[in-house]
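The values are calculated or read from the model by the stated rules, or taken from the named source; none is laboratory data. Note that the structure is predicted; figures quoted are calculated from it, not measured. Because the Cβ atoms are built from the backbone with ideal geometry, glycine has one as well, and the counts that use them run over all protein chains shown. For accessibility, only protein heavy atoms count, side chains too; no ligands or nucleic acids. Shrake-Rupley method; radii C 1.70, N 1.55, O 1.52, S 1.80 Å.
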Amino acid sequence: MEFKLFETFVEDRIFESGNAFKGVSPIPAEYQKPTFAIIEKEFIKSVLKLDKDEYGVLGSTFKKKAGTSSGDIDITVNGLVYGANNKLQFNEVVTAVYDQLTKTFPQYETNLTKGLGVTNIKFPQYDENGKKTDEFVQVDFMVVDDIKLSTFIYHSPDFTKNESKYKG
């Protein structure tokens, strides 16, 4: 059995806020909705075939003021619904989302953290006009069994409404 110091484990395993890939940048607030729109159209709705209440965004996504940025885009996927629609057990959904993501976007790097239920992709950023930029952002797909609970757990204040500067 190999033992690791906690610091080493954390350095090796935490992929939040754009730490899963080299060459990703924070995403400006103005680019979040256009980038998400591409992901939603080309993957969430067309491949995963999820309805609006079966996925969502978490954390600071869409909650930053113009001129500021987020480290990544966090998307939650209802694993119970996706599993039921595809005759999968809940514990099989994370791998299925990863497989579908790599088939849909084979040109982009992906990473699977099965134990945490997260798939990351290095995805291009799109500007306000829907034009692909030269920058990439990390997008995290988090498979959950309760979107409302996940929204609470990963709460971030809405800076566009001048809410508290503290995360929940």
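Numerical summary
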read-out: Residue match in segment 86-105 (condition: assigned to a strand (DSSP E or B) and either touching a Ser or Thr at 6+ places or on another chain (Cβ under 7 Å) or open to solvent by 60 Å² or more (accessible area, probe 1.4 Å) (or both)); value: no
read-out: Test: residue in segment 51-74 that is free of Cβ contacts under 8 Å to residues at least 12 places away in the same chain and of a type outside the set (Asp, Glu); value: yes
read-out: Some residue of segment 59-82 being farther than 22 Å from SER156 by Cα, exposed (fewer than 15 other Cβ atoms within 10 Å of the Cβ) and either modelled with pLDDT of 95 or more or in contact with a Cys (Cβ under 9 Å, 6 or more places away or on another chain) (or both); value: no
read-out: Residue in segment 126-148 that is at pLDDT below 95, open to solvent by 40 Å² or more (accessible area, probe 1.4 Å) and in a helix (DSSP H, G or I) present; value: yes
